[in-house]
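What follows is a set of notes on a single structure, which appears directly below.
FYI, it's all coordinate maths here, none of it is from the lab. Keep in mind the model is a prediction, meaning the values are calculated, not measured. For neighbour counting, all protein chains shown are included, and Cβ atoms are generated from backbone atoms with ideal geometry for every residue, glycine included.
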Amino acid sequence: MREVMLYTGGMDSYMSWRLLGEPPILYIDAGHEYAKREIKQLYKLHPKELITIDKRIDLADVETASGWVPLRNAFFFMIGALSQVNYSVDQTEENEPIKIYLNALKGEGSTDKSRWFRWLMSKVMSLCLERKVVCVAPYHHLYKAQLIQKYLKEFSTPEDLEALKSTTACYREKIKKGFKGCGVCWSCYRRWAALYYNGIEERYEVNPWELEIVKVNKANVRKWIKGLSRKPITYWLPMIKNNYYAYAANKKARKKNG
């Protein structure tokens, strides 16, 4: 079976890659703002021979201010499958199955990472390519904070921790020297919360726990419930538990920093 990992450049990708035994990497440069920084760091952390950079699509025009790209993983899965098939030489070759790894964790609200979405994409691509294609998320049963714990349990040297901390985080292209990220975007906040929950600190331009949008008050609770109500009911409990980790990190940081 041919295998490839859809690599997004962040902490989750790196941890999953190490835990999976370092499979071949496919990084898709879809024209997003922070791609150049991710690619630069990618080559610092991984053997060059395992990396493929694909630039066949540009989704920059649909990237939102928060860094979200609609349908991104649908495009990525299809490119991941095509990257494993060379039709110039494979026309008469036996149709070898393809496994595509995606980083999806428990408690995430993205519908294009869900088990149902992965199953549908597997079926559609298997039909179109006339070979078995399997889209998998090996750590979908773990929250981000739990994935960090699993990584640190298996890779416990100071070098392993430094490699983890050197991964990219922020959606913004340029970051001030000496800081990990802006501290304002959701990518920074989720990363900070999961690491801080596990006792790992990083510096951000803005302290993530001081953001108005993460404070527990009536207005924010109403917004959060409204957002949760738009999701399928199966998302509710995992998303609530995921927010517990963030709440615990916020509480711990505020107590420590006054």
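Each peptide in 251-258, 71-78 receives the mean, over its residues, of other Cβ atoms within 10 Å, and ordering these scores from highest gives 71-78, 251-258.
Could you pull out the pairs from Lys176/Lys223; Lys180/Lys251; Lys177/Lys251; Lys55/Lys177; Lys113/Lys226 whose alpha carbons sit more than 24 Å apart here?
Numbers: Lys176/Lys223 31 Å; Lys180/Lys251 21 Å; Lys177/Lys251 27 Å; Lys55/Lys177 28 Å; Lys113/Lys226 21 Å.
Too far apart for the 24 Å limit: Lys176/Lys223; Lys177/Lys251; Lys55/Lys177.
Centre-to-centre, using Cα atoms only, the stretch 131-171 and the stretch 189-207 are separated by 15 Å. Shown here: the stretch 2-136, whose C-alpha atoms stretch 43, 32, 30 Å along the first, second and third principal axes, sorted largest to smallest.
Rounded to the nearest 5, what % of the DSSP beta bridges within the stretch 2-136 are antiparallel ones? So the antiparallel bridges in the stretch 2-136 amount to around 0 percent. For the stretch 146-258, the Cα-based Rg and Dmax, in that order, read 15.2, 43 Å.
For the peptides 47-57, 182-192, the ranking by packing is 182-192, 47-57, with the highest mean count of neighbouring Cβ atoms within 10 Å listed first.
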